[in-house]
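In what follows, a single structure is set out as C-alpha cells and then discussed.
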C-alpha cells in the first residue's frame, strides 16, 4: 500500500510491482503527479546529470542518509528508466535534465504506464486518516490504513510518500507529519525551502522586475550564532537573482533560502550582493576612476551608469550617501567606500514567502527513525517512507526529484520483500 501518487510514491509503486508485489496506491487528489506537473515551470526538471560526487554537494539536509538510495538508483538510471518508458530526455545548462517534449505530463505518463503494465491499482479521491498497527509478542507491525471515509484497507506493508507542505494547492498539507506523530515517529519542524525572500528595504521593490546575472550572494550568520569569532558565511553562491515587489527571488536566492531558518532566527538574516564579483576591490576602484575621468561633471548615478542598469545606478547612489556629488568631487576614501558598497550591497532578509511559494519543504520525518539501507521504520515492521515527507532536501536543479526517485525506488523494492 502506497500513500501518495507523487514522484516518490509513483516510483515506489513501479519498484514494488517490478519486484512482484501486489500494489495499491491511495491518492487524495483526482489524479497522480499533481506536483510533478508544475515543476520546472511545467517542463519538469526531473533530475541532474552531474557527477555523483558533485551531486552530494547539492544535498542540504542529511546527505549520508541518502547514500544507499542514490547509489542504488542514480540520475543515469532514472534517465534510462524514462527513455525505456517512452519519455526521451535531454540535458540542459547546469546538467538539468528535462523531457525532450518539455511537457512535465510525459514524466507522469511514463511512470503510470510502467505501473499499469504491472497491474498497480490506483484509487483517487482517497485521503488516508491513519496508518494502522498491531503489537504482537512485543513487535509492532503495520496492518493497513484507515481512510477518512472510515474504510479499513489491509496491507502487509505501507509506504508513506505524501510529500511535505510546499505548494499546498497540490495536496501537500502535512498529512504525513500527523500520521507519523500518531505512531510515535519524531518530526523535525517543517519550514519552507527553495523559497523567495521578503526584505526590509523599500528600494528592493523599487527595482521590481530587474534581473541580475553573474552576481555573488552571501548570507551572514545571525550575531548569536557567530559569537565573537570571525563570521563564517552561512552561504555564498554565484548566479542570477531577481528583485520583486516583496524582496528578492531567482535561482541564487532560492538556493540561499535553504540555509535560512526563520523559525530559529525570527530576527532574520543579513544578505550581501557583490555586483561585480569578477573584480577585486582595487580593480573596481580603478574602474570607477576611469568612469569619473570620462564624465567628471556628472552626478554619481550618471558616473556609474555605464556599470549598471539605470534604476540600480540610482539605488547605489542613494545607498552610498553621495548621490548629489559629482564624480570629480569624490576623494580616494570615498571612491574606496563606493567600491566596497558595490561589492557588498546589504539587504535584510526578514522572512520567506511561506509554503505557498516554496518549491520544497525542509524538515519532516526524522531520518534517525528509518533504516537508510531500506527506508524502513526501525520501530514498526512493514512501515516505510520516501521522498519529501522525510527530513531531506537539496538545492534547485533536479536534485529534490532525484531524492524522490531514489528513496521511492528503495522503499518499493524493500517493501515488496514483506510479502515473502
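Restricting to the stretch 38-74, name every residue that is assigned to a loop (DSSP other than H, G, I, E, B) and closer than 21 Å to residue 389 by Cβ.
44, 45, 46, 58, 60, 61, 62, 73
Please specify each residue of the stretch 313-326 satisfying the condition of being in contact (Cβ under 8 Å) with a residue 24 or more places away in the chain and out of contact with any strand residue (DSSP E or B) (no Cβ under 8 Å at 6 or more places or on another chain).
315, 318
Just wondering, is there one or more residues in the stretch 400-420 that are in a strand (DSSP E or B) and not assigned by TED's automatic domain parsing to the domain that holds residue 216?
For the stretch 400-420, residues in a strand (DSSP E or B) and not assigned by TED's automatic domain parsing to the domain that holds residue 216: absent.
With the structure loaded, tell me whether residue 297 is under 38 Å from the mean Cα position of the chain (by Cα) and farther than 30 Å from residue 189 by Cα or whether it fails that test.
On the way: under 38 Å from the mean Cα position of the chain (by Cα): no; farther than 30 Å from residue 189 by Cα: yes.
Criteria not met by residue 297.
Restricting attention to the stretch 107-142, and to residues there that are in contact with a strand residue (DSSP E or B) (Cβ under 9 Å, 6 or more places away or on another chain) and without any contact (Cβ under 8 Å) to a residue 60 or more places away in the chain, which single residue is surrounded by the most Cβ atoms within 10 Å (Cβ to Cβ)?
Top of the filtered list is 110.
For the stretch 303-318, give me each residue that is under 13 Å from residue 203 (Cα atoms) and in contact with a helix residue (DSSP H, G or I) (Cβ under 6 Å, 6 or more places away or on another chain).
313, 314, 315, 317
Going by what's in this entry, would residue 337 be described as under 18 Å from residue 248 (Cα atoms), assigned by TED's automatic domain parsing to the domain that holds residue 247 and under 39 Å from the mean Cα position of the chain (by Cα)?
no
When you scan the stretch 328-339, do you find a residue that is touching a strand residue (DSSP E or B) at 6+ places or on another chain (Cβ under 7 Å) and either surrounded by 19 or more Cβ atoms within 10 Å (Cβ to Cβ) or assigned to a loop (DSSP other than H, G, I, E, B) (or both), even just one?
Looking for residues that are touching a strand residue (DSSP E or B) at 6+ places or on another chain (Cβ under 7 Å) and either surrounded by 19 or more Cβ atoms within 10 Å (Cβ to Cβ) or assigned to a loop (DSSP other than H, G, I, E, B) (or both), one finds none in the stretch 328-339, hence no.
The values are calculated or read from the model by the stated rules, or taken from the named source; none is laboratory data. This is a predicted model, so every value here is computed, not measured. Every residue, glycine among them, receives a Cβ derived from its backbone with ideal geometry; neighbour counts consider all protein chains shown.
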